[in-house]
Amino acid sequence: MNALELKNVRKSFSGFCLDNISLTLPSGCIMGLIGENGAGKSTTIKLILDMLHKDGGTITILGKDNEKDISLTKEDVGVVMDDIGMPECLTAKQIGNVMKHTFRNWNDAEYTQLLQKLSLPDNKQFKDFSRGMKMKLGIVVALSHGAKLLLFDEPTSGLDPVVRDEVVDMFYDFTRDENHSILISSHIVSDLEKLCDYVAFLHKGKLLLCEEKDVLLSEYGIIHCTVEQLSELNNEVIRYRKETPYGAEAIVLRKDAPDGFKLSPISIEELFVFMVKEAK
C-alpha cells in the first residue's frame with residue numbers, strides 16, 4: 001500500500017492554480033517537495049489534510065480517501081506546518097499532557113526523550129520559544145503519537161546546521177520502519193537531497209517532475225563548456241542550458257552525452273534550478 005497518492009489534483013485561487021498534480025509516495029520512503037516561494041507546496045499539503053477543499057482529483061492517505069475518512073487517519077498522520085499553532089501560555093510539559101488526551105497512541109516516554117535530545121526546556125512557555133525551538137517542539141509532537149505518515153512544511157526552517165542534522169537523523173530513524181513515510185517540503189534543497197528517496201519539483205502550481213532521487217542522479221549529468229562549444233551541440237541532446245559571460249552549462253542524459261565532453265555529476269539543486277529557468 002502507498003502512503004500517499006494524489007491523482008489530477010486541482011485547486012484554483014485568484015491569480016494561482018495548482019494544476020493537475022499527480023504523485024505517489026510509497027510506504028517506507030521519504031519524498032521531498034521542492035519549489036520556490038509561491039510554487040504551491042503549502043497548498044498541496046493543506047489539500048492533503050483537507051484544510052483546503054480541492055476543485056478536482058483524488059487524494060488517498062494510507063489507502064483512505066482524505067475527505068471521507070480523515071477522522072480515521074488522524075491518529076496515523078503527524079503534521080508540522082510553518083505555523084506550529086501551539087497554545088502560547090503552555091509549557092512543553094503541559095503541551096505533552098494535552099496531547100496525551102488527544103492521541104490514543106501518545107507515547108509520553110518518547111516525547112520526554114525527544115525533548116531532552118533536542119535540548120527543549122519542559123517548563124518554559126511556548127510564547128518564549130524562539131522560532132527554531134517552536135519548530136523543534138512541533139517535530140517532537142509529530143514523532144510522539146505513533147504516526148505512520150509525517151507531513152512537514154519547511155520543518156528545518158529556523159534551525160541551525162547542527163540541529164538540522166540531528167532532525168534529519170531522526171527522520172532517517174523514523175523511516176527504518178517500512179510502514180513509515182514522510183512528505184517534506186523545504187527550500188533548503190541540500191537537506192532534501194541527502195534525506196529523500198523521491199523528489200517532486202513544483203513551479204507556479206505545476207509539477208515539473210516526480211522521480212526517484214537516485215534515478216535522477218544516475219540519468220542526468222552536466223557539461224561545462226564555452227558558449228561556442230554549446231552552440232555546436234545537437235539541441236536534441238540538451239535538456240536544459242545556461243549561458244553566462246564566463247561560459248555555458250548544459251544538462252544532458254548520460255546515455256546521450258556527446259563524445260569529447262567531460263560529464264560531471266549533477267545535484268538535485270542544480271537540476272531544479274535549471275528546470276525552473278527553462279520553465280520560465
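Observations
- Unique match (being charged (D, E, K, R) and under 22 Å from F272 (Cα atoms)) among D197, D165: D197
- In segment 118-143, the residues that are of a type outside the set (A, V, I, L, M, F, W, C) and within 20 Å of the chain's Cα centre (by Cα): R131, G132, K134, K136, G138
- Screening T156 with (1) in contact with a helix residue (DSSP H, G or I) (Cβ under 6 Å, 6 or more places away or on another chain); (2) outside any helix (DSSP H, G or I); (3) over 18 Å from S42 (Cα atoms); (4) without any contact (Cβ under 8 Å) to a residue 40 or more places away in the chain gives one miss only, at (3).
- Number of positions in segment 185-218 that are free of Cβ contacts under 8 Å to residues at least 40 places away in the same chain and touching a strand residue (DSSP E or B) at 6+ places or on another chain (Cβ under 6 Å): 1
- Residue count, segment 253-273 (criterion: farther than 22 Å from H203 by Cβ and in a strand (DSSP E or B)): 2
- Filter pass, V168 being aliphatic (A, V, I, L, M) and outside any strand (DSSP E or B): yes
- Considered as a group, the residues in segment 152-165 that are more than 19 Å from I34 (Cβ to Cβ) and either crowded, with 16+ Cβ neighbours inside 10 Å or under 16 Å from the mean Cα position of the chain (by Cα) (or both) include one that is modelled with the lowest pLDDT, and that residue is V163.
- Of all residues in segment 203-262 being of a type in the set (K, R) and closer than 27 Å to G32 by Cα, the one that is surrounded by the most Cβ atoms within 10 Å (Cβ to Cβ): K213
- Elements of type helices (runs of 4 or more DSSP H) in segment 14-120, at least 1 residues being surrounded by 20 or more Cβ atoms within 10 Å (Cβ to Cβ) and at pLDDT 95 or above: 41-48, 92-100, 108-117
- Residues in segment 121-141 that are closer than 17 Å to S157 by Cα, in a helix (DSSP H, G or I) and free of Cβ contacts under 8 Å to residues at least 24 places away in the same chain: M133 only.
The values are calculated or read from the model by the stated rules, or taken from the named source; none is laboratory data. These numbers come from a predicted model, not from an experiment. Note: ideal-geometry Cβ built from the backbone for every residue, glycine included; neighbour counts use all protein chains shown.
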